[in-house]
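Presented below is the structure to which this report refers.
The values are calculated or read from the model by the stated rules, or taken from the named source; none is laboratory data. Given the structure is predicted, the values throughout are model-derived calculations rather than measurements. Counting neighbours? That spans all protein chains shown, and the Cβs are built from the backbone with ideal geometry, glycine included. Remember, those area values only see protein heavy atoms, side chains included, never the ligands or the DNA or RNA. Shrake-Rupley method; radii C 1.70, N 1.55, O 1.52, S 1.80 Å.
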Amino acid sequence: MSDLHLQVNGDPRTVPGPATLLDLLGHLGIDPRMVVVELNREIVRRPRLGEVSLGEGDQIELVHFVGGG
Amino acid sequence: MTDLIDTPLTVGGRTFTSRLLVGTGKYRNNQEMVAAIAASGAEVVTVAVRRVDLDRTKEEGVLYHLDPSRCFLLANTAGCYTADDAIRYARLAREAGFNEFIKLEVIGDRDTLLPDTDGLLTATRTLAAEGFKVMAYTNDDLIAALRLEEAGAVAVMPLASPIGSGLGLLNPYSIRSIKQRLTVPVLVDAGVGTASDACLTMEQGVDGILMNTAIAEAEDPVAMATAMRYAVEAGRLAFLAGRMPRREIAVPSSPARGMLG
């Protein structure tokens, strides 16, 4: 058990390890149905979020739709 | 009324109820956005892909306010300045799971937000090969439009004038020439400021218009959305009706015969 130091949407975040992407979303209070997840620039599809383990220094992007033209 | 005379708009195999497409940006609040979209009668509604704000998730996500079962969500790649960035955003948008359409923007200049046609062509080829239905925002340039069609775009979207400028239709001739030469739908995107701009644009014979700022920044967006709905229908009907020729001399409307002696 050790802390994982991540970059989430460009900001440093620390979460207790081991953790999956689904754990990270839970930690951040984000509904997985409302976001698309990129891990180190690769999209991780929703059904796999609970299978993909996070590693030290991982870069995660969480995106969604906002108003735009 | 229009549907008695007109055929519906079909893009990339999908048929849409309205020739007016609207954006969801820059509204003063979400209630006003929802009411304006309803008043516009638009079915296609554009959205942007952005990072979730990790501190205030619930308020900014547009899907908390729009019902995806009642509108067709068209994601854009607004803000992208390279083909690679636009491709990345398009892939993220598709992963949200609504459809394979993307309104492709590759911007070439920060002051004018004019498109980078080289980047657009590169991104269109890549995305079309990946099964995307690319609707490409481009200049009012016939050659760029033809190349985008060849590259696999399902619709080409030339600008009326720069994004958010409200300058109206600057080059009706270019828009007409693009419409006359392309097989895929031509949807004018960006630049209209008020209802007469939309009407004049539709009178050029294009298949539809996408707008955002003209409605969102109007003093009363719901009233402007209503005006735009009628303007798009009026312009479309006027185009289908076929206007009278322009003449340099007057021709009386009342009979010359039968005047008093």
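Okay, here's what the table says:
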| read-out | value |
| --- | --- |
| The range A:4-69: trypsin sites (Lys or Arg not before Pro) in DSSP coil with no more than 12 other Cβ atoms inside 10 Å | A:Arg41, A:Arg45 |
| Accessible solvent surface per residue of the range A:3-63, calculated while the other protein chains remain in place, 1.4 angstrom probe, Å² | 53 Å² |
| Chain B - share of DSSP beta bridges that are antiparallel (%, nearest 5) | 15 percent |
| Label-zone membership for the range A:18-43, site B:Asp84, 7 angstrom Cα→C-beta point, backbone N under 13 Å | A:41 |
| Rounded to 5, the percent of DSSP beta bridges in chain A classed as antiparallel | 90 percent |
| Extension gain, B:Thr10 back to B:Tyr173 (0.36 nm per residue minus Cα-Cα distance, nm) | 56.3 nm |
| Karplus (6.51, -1.76, 1.60) ³J(HN,Hα), θ = phi - 60°, over the range B:133-140, in Hz, Gly and Pro reported as x | 9, 8, 10, 9, 6, 9, 5, 7 |
| Estimated dipole of the range A:3-63 in Debye, rounded to 20 [Cβ of Lys and Arg +1, of Asp and Glu -1, Cα centre] | 260 debye |
| Chain A, relative contact order in percent, only Cα pairs under 8 angstrom and at least six apart counted | 39 percent |
| Span-rule helices in chain B, defined as complete DSSP H runs reaching 24 Å or more along the axis (Cα) with Kyte mean at least 0.5 | B:221-241 |
| Heavy-atom surface of the range B:2-241, accessible at 1.4 Å and reported per residue (Å²) | 41 Å² |
| Exposure rank, largest accessible area first [B:Met211, A:Met34; 1.4 Å] | A:Met34, B:Met211 |
| Residue mean of other protein chain beta carbons inside 10 Å, A:52-65 | 4 |
| Contact order normalised by residue count of the range B:2-241, Cα under 8 Å, 6+ apart, percent | 20 percent |
| List of the range B:83-102 residues, accessible area with partners at least 20 Å² below that of the chain alone (1.4 Å probe) | B:Arg88, B:Leu92, B:Glu95, B:Ala96 |
| Cut-off 16 Å, label 7 Å out along Cα→Cβ of A:Gln7, residues of the range A:37-66 by amide N | A:38-43, A:55-63 |
| Per-residue average of Cβ from other chains inside 10 Å of B:177-185 | 0 |
| Net length gained if the chain between B:Lys26 and B:Ser196 were fully extended (0.36 nm per residue, minus Cα distance) | 59.0 nm |
| Computed accessible area, B:Ile249, all protein chains, 1.4 angstrom probe, square angstrom | 130 Å² |
| Protein accessible surface hidden between A and B, which excludes ligands and nucleic acids, total in Å², probe 1.4 Å | 2500 Å² |
| Carbon/sulfur fraction of accessible area - the range A:3-63, other protein chains in place, 1.4 Å, % | 47 percent |
| Rounded percent of accessible protein surface that carbon and sulfur make up, the range B:2-241, 1.4 Å probe | 49 percent |
| For the range A:21-69 and the range B:179-215, distance of Cα centres in Å | 37 Å |
| Percent antiparallel among DSSP beta bridges (both partners in the protein assembly as shown, rounded to 5) | 50 percent |
| For the range B:12-137, size of Cβ-based charge dipole, Lys and Arg +1, Asp and Glu -1, in debye | 320 debye |
| In the range B:143-232, the GluC sites (Glu not before Pro) that fall in loop regions by DSSP, at most 12 other Cβ within 10 Å | B:Glu219 |
| Where trypsin sites (Lys or Arg not before Pro) fall in DSSP loop in the range B:31-92, at most 16 other Cβ within 10 Å | B:Arg56, B:Arg70 |
| Interface residues, the range A:21-44 - accessible area loss of 40 Å² or more versus chain alone, probe 1.4 Å | A:Ile30, A:Met34, A:Val36, A:Glu38, A:Arg41, A:Ile43 |
| Rg(Cα)/(2.2 N^0.38 Å) for the protein assembly as shown, N = residue count | 1.15 |
| Shape category assigned to the range A:3-63 from the gyration tensor of Cα positions, a/c cut at 1.5 | rounded |
